[in-house]
Amino acid sequence: MDTAFVIATIGRAFTAGTPLLLATLGEIIAERAGVMNLGIEGMMALGAVAGFGVSLESGSPWLGMLAAALAGISLSAIHAFVTIGMRAGQIVSGIALTMFGLGLSALIGKGYIGRPLQTPLHSITIPGLADLPFIGDILFRRDPIFYFAIIIAALIWIILYKTRWGIAIRSVGENPLAAETMGVDVAWVRVWCVLFGGALSGIAGGYLSIVYNPSWIEGMTAGRGWIVIALVIFSFWNPLRAVVAAFLFGGIDVMQFSLQSLGISPNLLRMFPYVATIVALLITSSSITRRHISAPEALGEPYQPR
Amino acid sequence: MNRHVFDSLEMTGIRKSFPGVIANDDISFSIHSGEVVGLLGENGAGKSTLMNILYGLIQPDEGEIRLNQSPVNFASPRDARRHGIGMVHQHFMLIPTHTVAENIALSLDDAPFFDPVSVINDRLDVCSRAYGIHVDPKAFVWQLSAGERQRIEIVKALLGNARLLLLDEPTSVMTPDEINEFIGVLRAMTAAGIGIVFITHKLEEILSVASRITVLRKGRLAGTVRPASKDTNRSGDTAVHDGKNMETSSGHDEVDKAALARLMVGRELEQIIPGKSPPEDDILFEVENLTVMDDRGRTAVKNVGFTIRRGEILGVAGVSGNGQRELIESLAGMRSPESGTARLADRVLPLDAGARAIFESGVAHIPEERMRFGTVANMSIQENIILKAGHRAPFSRRGIISFSAAANRTTEIVNEYRVAATSIVAPMKNLSGGNIQKVIVGRELADHPALVLAAHPTYGVDIGAAEGIRSHLRECRDAGGAVFLVSEELEELFELADRIAVMESGRIVGIVDPRTSSFGEVGMMMAGAHIPGRAISSGDKP
């Protein structure tokens, strides 16, 4: 294998991992606040079609990304209303959201099938660093959303662990009653976290239809929303681990095609994220690690203020 | 925020009703700077409601709150905190996966946005100098004992500039030593002008620390009294839990305690007559070399052995977390031991075979966590009564439940234990804690078990119901059964038990005779001190 091939493969792994990372970060924030949103697949699909449509009609991929974020936010607002406002079950609402998002995106996207996007996002070349051998091409000549995702990951880590907001968010996810008595508005925190998660999921969808594969086809999210749910667990709800995990899973995604020529079934690799997640679940549920790296205590539980 | 000046607080004519009950009816309450006021009452007397109103958690229907003579209205806990009121809940409002510093930072309104925990260290220093409270900011809350968690709650309130502290049963989770230290902290706080409302149902304790005591009964004010013998008690802080000395040292105390109890329950309590019939000589229950792991895989019970004779109550004293829980769970079949055997009347108990097998062997279990292990909240009282024996006659035949048999048994228990319930088919969750416990005890003791395992049977139960539960345990003993009683209330152990085993770090460090021992001695053993001549390990001949 020559260097160019390796660089291209690793590069594609980053591209494949970027939407996974964005959506994973969004879900981490929501789950840290105690709200599980299984509607990621739906939010990504709606984000993809909204992003593609607006980019195509306006000629601006940036407007497309904005539209994708708004699409994700609007779907997640339904989830926020149902699970936080009405205190209904998060699992049911999330699954309904996925089905709704997939169906709605197919309906909206009928006219866009087969139309190419003429205005993709251009890569950004970081001066100086881009000329480094090997890693210059891999890390420093990438699309802007890739950098955005990395910055967001760092920002979320800082917010979660180094700010008052972070303590409030984590408290709401661990023990909402305690947070409430400490003067934290539980519902308010949860709503914002869910909406933020929706925005990132929407952008992840937009990335698929604007950058990764500039076109629209029905079901182009192809189960990535579920991989994200797995990634959140796999990264133990930590945004920095999510960076590593998302690009690792992105790499596996790319390898499906590369290894096919070697006679390895792509189905085998497609199973990997889920197998890895089951292993991660086993680790988190073992009693020894439970105190250190476990799901937020109040995850999935509607909070009833007194 | 500036330091508040707290002078006085008055609540007058407070009334609050919930659907079906009047929780507070025309209650008045007051406290001044530097004062400890006791708030005493049985469960359901309205103490929590009154304090939740004061802390802004719920709004009163009627009544007025005046802080430093001017009317105030607390819309939320945050609002109350802004006025210098802090509350330490009985169930701690701490987040176990966070560090101590993070928990404190969450409660501070003026912590910086970035790196909020950075200011905690300095403030903790101030707190430890002023009141003698020490906490480690870097520790994770899940690593701390209940007593230490309590301290964090108090620190949290103090750092929030609380000048009036509401403490909800603060000593229920403490060791005798921790209680002593805590009373020192109380004195430092009152000396600094802080007012303290001390909610409790322990009479001795409140008599020795409070300057006034407000007693609530069934949602109404039963009276506000002053402990008559306050000055004689002041002589030593240790008097609080050294109940034996108190009873003999002054006549006032006994009168006061009785009067206070009468005020609290509204009737004369039966005079406690130990009247222990001597146990018979034959050993009914014998445990040998029992070793049990805790949830985290550490050895919690280390090679423990003991015997209980027919007609005997063996009490187990110890600070919570020293293996009592794992010991009783393994005997009840809920937790497989690593090694060891238990024999009941010469039959080996199948400790590995699960709770059902143990139950079938004639063992009753009153579990520690009554909501988690004792009952199913959404099922009816009647269904809960037949929860354990429902698979066999008379409650079911060939898999079909006989609800008439279940109803008969339930009615018997409800009548005998005076369970306050609207109907025997009412869901369990509608009952108060004390009534739930009555149902559990009634169920467990109904079939005359040979061995009763009781974990904290009167914890959180009001004084009247607790006395009933104790007398039922005594009846079991007098009927020739063996009772294994784990309790954190030394008074209860000294009153009920024929012998008291003390557990510390997973071992039985000694077994004492309550007639010749004292609270002080047992307290020392609980704290790990070696008492010469008391270290009985397995050959526990009384």
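The values are calculated or read from the model by the stated rules, or taken from the named source; none is laboratory data. If you're wondering where the values come from, they're calculated on a predicted model, not measured in any experiment. FYI the Cβ positions are ideal-geometry reconstructions off the backbone, even for glycines, and counts take in every protein chain you see.
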Worksheet, complete the sentence: Here the qualifying pairs (Cβ atoms under 8 Å; residues six or more apart or on different chains; first in region B:294-308 and within 14 Å of chain A (Cβ to nearest Cβ); second hydroxyl-bearing (Ser, Thr, Tyr) and surrounded by fewer than 16 Cβ atoms within 10 Å (Cβ to Cβ)) come out as B:295/A:287; B:296/A:287; B:297/A:287
Item to complete: May I ask you to verify whether residue B:51 is within 25 Å of the chain's Cα centre (by Cα) and more than 8 Å from chain A (Cβ to nearest Cβ)?
Response: yes
Discussion item. Please verify whether residue A:226 is surrounded by fewer than 19 Cβ atoms within 10 Å (Cβ to Cβ), closer than 30 Å to residue A:54 by Cα and either out of contact with any Lys or Arg (no Cβ under 6 Å at 6 or more places or on another chain) or within 13 Å of chain B (Cβ to nearest Cβ) (or both), treating the condition exactly as stated.
Written reply: yes
Worksheet item: Identify, please: which residue in region A:36-58 is closer than 13 Å to residue A:206 by Cα, hydrophobic (A, V, I, L, M, F, W, C) and surrounded by fewer than 24 Cβ atoms within 10 Å (Cβ to Cβ) and is, among those, nearest to the chain's Cα centre (by Cα)?
Response: A:54
Item to complete: Could you grab me the full set of residues in region B:75-112 that are hydrophobic (A, V, I, L, M, F, W, C), under 27 Å from the mean Cα position of the chain (by Cα) and outside any helix (DSSP H, G or I)?
Response: B:85, B:87, B:88, B:92, B:93, B:94, B:95
Practice prompt. Taking the options A:68, A:33, A:77, A:23, name whichever one is touching a helix residue (DSSP H, G or I) at 6+ places or on another chain (Cβ under 7 Å) and surrounded by fewer than 17 Cβ atoms within 10 Å (Cβ to Cβ).
Written response: A:77
Response to the item:
When region B:138-153 is checked residue by residue, the ones that are in contact with a helix residue (DSSP H, G or I) (Cβ under 7 Å, 6 or more places away or on another chain) and within 28 Å of residue B:34 (Cα to Cα) are B:146, B:147, B:149, B:150, B:152
Worksheet, complete the sentence: When residue A:168 is run through (1) more than 14 Å from chain B (Cβ to nearest Cβ); (2) buried (at least 19 other Cβ atoms within 10 Å of the Cβ); (3) aliphatic (A, V, I, L, M); (4) under 26 Å from residue B:115 (Cβ atoms), the failure sits at (1)
Worksheet item: Can you tell me how many residues in region B:126-152 are buried (at least 17 other Cβ atoms within 10 Å of the Cβ) and basic (Lys, Arg)?
Response: 2
Worksheet entry | When residues of region A:144-165 are limited to those that are among the β-branched types (Val, Ile, Thr) and within 14 Å of chain B (Cβ to nearest Cβ), the one farthest from residue A:126 (Cα to Cα) | A:163
Worksheet item: Looking at B:119, B:88, which one is more than 10 Å from chain A (Cβ to nearest Cβ), farther than 21 Å from residue B:167 by Cα and either crowded, with 22+ Cβ neighbours inside 10 Å or aliphatic (A, V, I, L, M) (or both)?
Response: B:119
Worksheet item: How do the pairs read when you match residues in region B:362-378 that are closer than 29 Å to residue B:346 by Cβ and assigned by TED's automatic domain parsing to the domain that holds residue B:486 with residues anywhere that are surrounded by fewer than 23 Cβ atoms within 10 Å (Cβ to Cβ) and hydroxyl-bearing (Ser, Thr, Tyr), using Cβ under 9 Å and keeping only pairs 6 or more apart or on different chains?
Response: none
Item to complete: Scan (1) at pLDDT 85 or above; (2) on the phi > 0 side of the Ramachandran plot for the single condition residue B:20 breaks and write down its number.
Response: (1)
Worksheet item: Within region A:114-133, is even one residue within 30 Å of residue A:185 (Cα to Cα) and either buried (at least 18 other Cβ atoms within 10 Å of the Cβ) or away from every other protein chain (no Cβ under 14 Å) (or both)?
Response: no
Item to complete: Specify which of the listed residues (B:64, B:42) is part of a loop (DSSP other than H, G, I, E, B), more than 9 Å from chain A (Cβ to nearest Cβ) and more than 23 Å from residue A:175 (Cβ to Cβ).
Response: B:42
Discussion item. Here is a check on your reading of the model: is residue B:56 surrounded by 14 or more Cβ atoms within 10 Å (Cβ to Cβ), of a type in the set (Gly, Ala, Ser) and within 11 Å of chain A (Cβ to nearest Cβ)?
Written reply: yes
Practice prompt. Check B:30, B:48, B:70 and return the single one that is closer than 28 Å to residue B:203 by Cα, modelled with pLDDT of 90 or more and not acidic (Asp, Glu).
Written response: B:30
Item to complete: Could you please find all residues in region B:153-167 being buried (at least 22 other Cβ atoms within 10 Å of the Cβ) and either within 19 Å of the chain's Cα centre (by Cα) or in a helix (DSSP H, G or I) (or both)?
Response: B:153, B:154, B:155, B:156, B:157, B:158, B:166, B:167
Fill in: Filter result for residue A:183 (farther than 18 Å from residue A:84 by Cβ, within 14 Å of chain B (Cβ to nearest Cβ) and touching a Pro at 6+ places or on another chain (Cβ under 8 Å))
yes
Worksheet item: Just one of B:319, B:304 is within 18 Å of the chain's Cα centre (by Cα) and over 21 Å from residue B:357 (Cα atoms); which is it?
Response: B:319
Discussion item. Yes or no: region B:303-318 includes at least one residue that is assigned to a loop (DSSP other than H, G, I, E, B), out of contact with any Phe, Trp or Tyr (no Cβ under 8 Å at 6 or more places or on another chain), at pLDDT 90 or above and among the hydrophobic types (A, V, I, L, M, F, W, C).
Written reply: no
